[in-house]
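A quick write-up on the structure given underneath.
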Amino acid sequence: MSAPRVTVPRSLDEALAALAGAAPETLLLAGGTDLMVEFESGRTAPRDVVSLWRLDELRGVRDEGGGLRMGALTTCADLLGSDLARARADVLVDAAAEVGAVQIQNRATVGGNLGTASPAADLNPVLLALGATVRLRSASGSRDLPVEEFLTGYRATARRPDELIESIAIPARPAGERRRFRKVGTRRAQSISKVVVALAATLADGRFTAVRAAAGSVAPTAVLLPSLAAELVGQPPDEARLDAAARRAARDDAAPIDDVRSTAAYRRLVLQRVLRTELGALAAGA
Amino acid sequence: MTERRVEEERRGFSRRAFLQGAGGVAAASSLTEAVHAAQDPASEVQRMRGPEEVELRVNGGTLPATVEPRTTLLDALRHRVDPPLTGTKLVCGEGACGACTVLVDGRPMYACMLLAADVVGREIRTVEGLADGDGLSPVQEAFCEKDGLMCGFCTPGFLMSATGLLERKPDADAEEVRRALSGNFCRCGTQPHIFEAVAEAGRRLREGGR
């Protein structure tokens, strides 16, 4: 492999031009909270790097059809400081508050969470649960993908080498949708998640009418939990039903592993219990 | 052993392998060719492939530095400006401990995780910029008075995190202080004193200190 180069484009057009001929393994660097650690550890072999941090075109949040569109470089701190983000995507802001410490929140980006596709990236389960879409941009155009199609596996995405993530959109909140977020880590701040859960659901006339849930750190990448919807939609939120749904999702939808932070068995058990607790809180209207 | 050699030893092969590279090796790759092809030669595209002179805005002044594209801000501050600014410490080198915390446009960030090239034009503040001559900042004074340190190695990072918080929010409550400092570790265990010091500094700032 030839020597690594870092390219520092100053505008989106420059970045797209650089990527148009990029080698397939070229890394895109946003806030660096994941990649700079990888470089330090030596787990990631040196490769060509395009640093996107200076692309101010990729920052900021705005209204879109009653929902929210976020530039890829929108940081956790940006979300925490945005009334619009709070109004449109409250659980995403809750999640941003639990990411790392202040120094990390000032650097970690929404696009970086998606692009690095770590199974432990805290924002990704929330984006999945809220039905977010990713806008990929290249010199030849742009395309939108649902997050569940964008995340294809362990640190793998559907991004082509000539593309970058331009923005992420969260659709308008369905009427009456209730949302929950929960992160389980070693300590409150600065810990990498053992289990992350995000839920979005609506109830009408005492029955679930829609359920969309996702989890992080329990599979090769953040995953939807389709079993919850299968168990719950059309059903009343009674205790036995919620128990069964949490149990089935933890059993069927998760594929956790043993690693330095936790064990597969612990993660599966915690996932089940956190799902059950959060479903209860959601059904109670919290 | 010089400090730089100690650091290089500690970093080991990995970061060096990443940090080395550009300079001598390899003709233009497809990536750089593409950049060249797409750009007007007269434009100011920054396609740093080797050492380059940049100007960093640090503590109210402008410092020339020769950096490579892979040079971190931490490395630039400690080794590539003259005189070196060694108040910002390298400990973990991977964004976990907070000893390298600096303010970028007023926001605390880990200098070990920032590329120097990415913060050209941004306002950087380090611990060296807190005091006004011999006059310590209210945060520094409070750390002295409340014994907010033991060995002192983590102190510059804590000072910058605390300063970043109090400049934004001088009336931060105890919980906000703890959160704002949660990205800084003190292995001597002086956190209780540090929290007291930051609370005291907040009181002074509210009363109209500098």
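Quick notes on this structure:
- Whole-Hz ³J(HN,Hα) from phi, Karplus 6.51 cos²θ - 1.76 cosθ + 1.60, for region A:103-119, glycine and proline x: 4, 6, 4, 6, 10, 5, 10, 5, x, x, 4, 6, x, 7, 6, 5, x
- Under Stokes-Einstein, with the Kirkwood radius over Cα pairs as Rh, the value for chain A at 25 °C and 0.890 mPa s is 127 µm²/s.
- Tensor-based shape of region A:164-286 (alpha-carbon gyration tensor, a/c under 1.5 rounded, otherwise prolate or oblate): oblate
- Spin-label model distance (nm) - B:Leu136 vs B:Lys169, 7 Å beyond Cα toward Cβ: 2.5
- Tensor-based shape of region B:57-210 (alpha-carbon gyration tensor, a/c under 1.5 rounded, otherwise prolate or oblate): prolate
- Centroid-to-centroid separation of region B:90-107 and region B:131-199 [C-alpha atoms, Å]: 14
- Shape summary: region A:57-129 maps onto an equivalent ellipsoid whose semi-axes, from the alpha-carbon gyration tensor, are 17, 13, 12 Å in decreasing order.
- Residues in region B:149-163 carry Karplus couplings, in order, of 6, 10, 6, x, 6, 7, 4, x, x, 4, 4, 6, 4, 5, 5 Hz; the curve used is 6.51 cos²θ - 1.76 cosθ + 1.60 with θ = phi - 60°, and Gly or Pro positions show x.
- Within the protein assembly as shown, helix-based [θ] at 222 nm, where runs of 4 or more DSSP H residues each add -39,500 (n - 2.57), nearest 500: -10000 deg cm²/dmol
- The phi torsions of region A:26-39, fed into the Karplus equation with coefficients 6.51, -1.76 and 1.60 and a -60° offset, translate into couplings of 4, 9, 9, 10, 9, x, x, 5, 9, 5, 5, 5, 4, 4 Hz, rounded to whole numbers, with Gly and Pro shown as x.
- Region B:66-131: C-alpha gyration tensor shape, a/c 1.5 cut-off, then a/b vs b/c: rounded
- With each label modelled as a point 7 angstrom along the Cα→C-beta vector, the A:Ala172-A:Thr152 pair spans 3.4 nm.
- For the protein assembly as shown: Kirkwood Rh in Å [reciprocal of mean 1/r, alpha carbons]: 23.8
- For the residues A:Gly131, A:Gly32, A:Gly81, a GNM of chain A with alpha-carbon springs under 10 Å puts the largest fluctuation on A:Gly81.
- Of the trypsin sites (Lys or Arg not before Pro) found in region A:121-220, the ones in coil according to DSSP and having at most 14 other Cβ atoms within 10 Å of their Cβ are A:Arg187, A:Arg188.
The numbers here are math on the coordinates, done by the rules we state, and not lab data. Since we're looking at a predicted model, the values are computed, not measured. Cβ: placed from backbone, ideal geometry, glycine included. Neighbour counts: every protein chain shown.
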